[in-house]
Amino acid sequence: MALMEATRGCIWACRFCTAGFIYRPPRLPDLEKTYDSLSRVLKEQGDPVSVIGLVGPSVTDHPGLLSVARRIVAEGKSLSFSSLRMETLDGEWVDLMVRSGQKTVTVAIDGPSERMRDVINKSATDAFIVEKCRFLAGKGLLHLKIYSIIGLPGETGDDIDQFIRLAQEVSRAYVEACSKRGNIGRLTFGLSPLVPKPGTPFQWHPMERVEVLKKRFMKIRKALGREKHVRLSFGSPNEAYLQTFLSRGDRSLLGFFREYLANGHDAKRALKDRGVSPEAFVYRQYGKDDFLPWDIIDHGYRNHFLWQDYQRGLREKTTPICDTAVCKICG
């Protein structure tokens, strides 16, 4: 596989996503020139690459990508993507994916309910998701992976119940569409805990309690575990706890790491010896005027803008896409 960067940064500004903020403004390279250069290098190296991997937070946003994708498929090569936004998957895109040999598509709904999708600034109705999954399966993309985040700000048990109902509706639509083609593939729901990331509107928000996440995962497993064509994949709450600890930590962690390396990688002992409490970082709700450990890094936008967007998220309000032609409010 050869990788080609299709986009840098992202217009959508999902509130949990680092790439949508620290890589602002979104930049769209000339893909015809990029692919010409890639093809020339591969030819000079005598490398018979059969798959072109398109790299970027949301590659199908590039207005010139479709014409390059046509070239790639016409040359007999396959296209490869990471997760895609459902809104951008229209008929020709899906036809190209199928023609290039794709059998699997990964989409990220990222919120378990319509309310939570407003919180993260990724609005999509349950009805739209169900019909898009039906469309994808009907086109011949037999293996469907759907990712969502659990533990979002303001999330309750009702949101988990709504996700369960959505998953069941998607399963019925998916099986119905696949059955018409005579072949039922795999439907996978991947669920991961939110890790509040520095440089995003959720940087002030604490991670959900590990025990709460485990209960919610158990509830989903109990409700969907017997669905015949559904597979479930869960990210580890304990690993998410560690990631949050490391991403939100300050200079006091330096002593912890030194002790950890010196004592044979005994994390509990290092934490105790250095007097470091992970919960002070993982479950802390930061305030607007708190100095954050990562504030020394200048990403080119103002914390005030992130705070305002965080508050909009808590009120379940969405924010327009990042369009630098008409807006420079972030900084």
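The values are calculated or read from the model by the stated rules, or taken from the named source; none is laboratory data. Computed from a predicted structure; not experimentally measured. Virtual Cβ from ideal backbone geometry, glycine too; neighbours counted across all protein chains shown.
Points worth noting:
Yes or no, residue by residue, for (1) surrounded by fewer than 20 Cβ atoms within 10 Å (Cβ to Cβ); (2) aromatic (F, W, Y); (3) farther than 23 Å from P201 by Cβ:
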position: E75; (1), (2), (3): yes, no, yes
position: S78; (1), (2), (3): yes, no, yes
position: R115; (1), (2), (3): yes, no, no
position: I120; (1), (2), (3): no, no, no
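- Residues of the stretch 284-317 classified as within 20 Å of Y23 (Cα to Cα) and of a type in the set (S, T, N, Q), total: 2
- The condition of being at pLDDT 95 or above, touching a Leu at 6+ places or on another chain (Cβ under 9 Å) and over 30 Å from R172 (Cα atoms) holds for Y286.
- Check on A325, farther than 22 Å from P201 by Cα, at pLDDT below 90 and surrounded by 12 or more Cβ atoms within 10 Å (Cβ to Cβ): no
- The set of residues in the stretch 1-52 being of a type in the set (F, W, Y) and closer than 27 Å to G199 by Cα consists of W12, F16, F21, Y23.
- Candidate set from the stretch 176-213 (those that are crowded, with 19+ Cβ neighbours inside 10 Å and hydroxyl-bearing (S, T, Y)); member that is nearest to G20 (Cα to Cα): T200
- The stretch 80-91, residues that are surrounded by fewer than 15 Cβ atoms within 10 Å (Cβ to Cβ) and either closer than 15 Å to I52 by Cα or at pLDDT 90 or above (or both): S82
- Selection status of R302, among the basic types (K, R) and under 24 Å from the mean Cα position of the chain (by Cα): yes
Per-residue answers, yes or no, for (1) free of Cβ contacts under 8 Å to residues at least 60 places away in the same chain; (2) in the same structural domain as D309 (by TED's automatic domain parsing); (3) not aromatic (F, W, Y):
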| residue | (1), (2), (3) |
| --- | --- |
| G182 | yes, yes, yes |
| T200 | no, yes, yes |
| V212 | no, yes, yes |
| K215 | yes, yes, yes |
| F234 | yes, yes, no |
| T244 | yes, yes, yes |
| D250 | yes, yes, yes |
| E259 | yes, yes, yes |
| G264 | yes, yes, yes |
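- Taking helices (runs of 4 or more DSSP H) as the structural unit, those lying wholly within the stretch 259-331 and holding at least 2 residues that are of a type in the set (A, V, I, L, M) and in contact with a Pro (Cβ under 7 Å, 6 or more places away or on another chain) correspond to 303-314.
- Residue within the stretch 59-80 that is among the hydrophobic types (A, V, I, L, M, F, W, C) and in contact with an Asp or Glu (Cβ under 8 Å, 6 or more places away or on another chain) present: yes
- For the stretch 36-57, residues that are among the polar types (S, T, N, Q) and within 27 Å of the chain's Cα centre (by Cα) total 1.
- Qualifying residue in the stretch 102-109 (condition: surrounded by fewer than 20 Cβ atoms within 10 Å (Cβ to Cβ), on the phi > 0 side of the Ramachandran plot and over 19 Å from the mean Cα position of the chain (by Cα)): no
- Whichever residue in the stretch 33-72 is farther than 14 Å from A2 by Cα and β-branched (V, I, T) and, among such residues, is surrounded by the most Cβ atoms within 10 Å (Cβ to Cβ): V59
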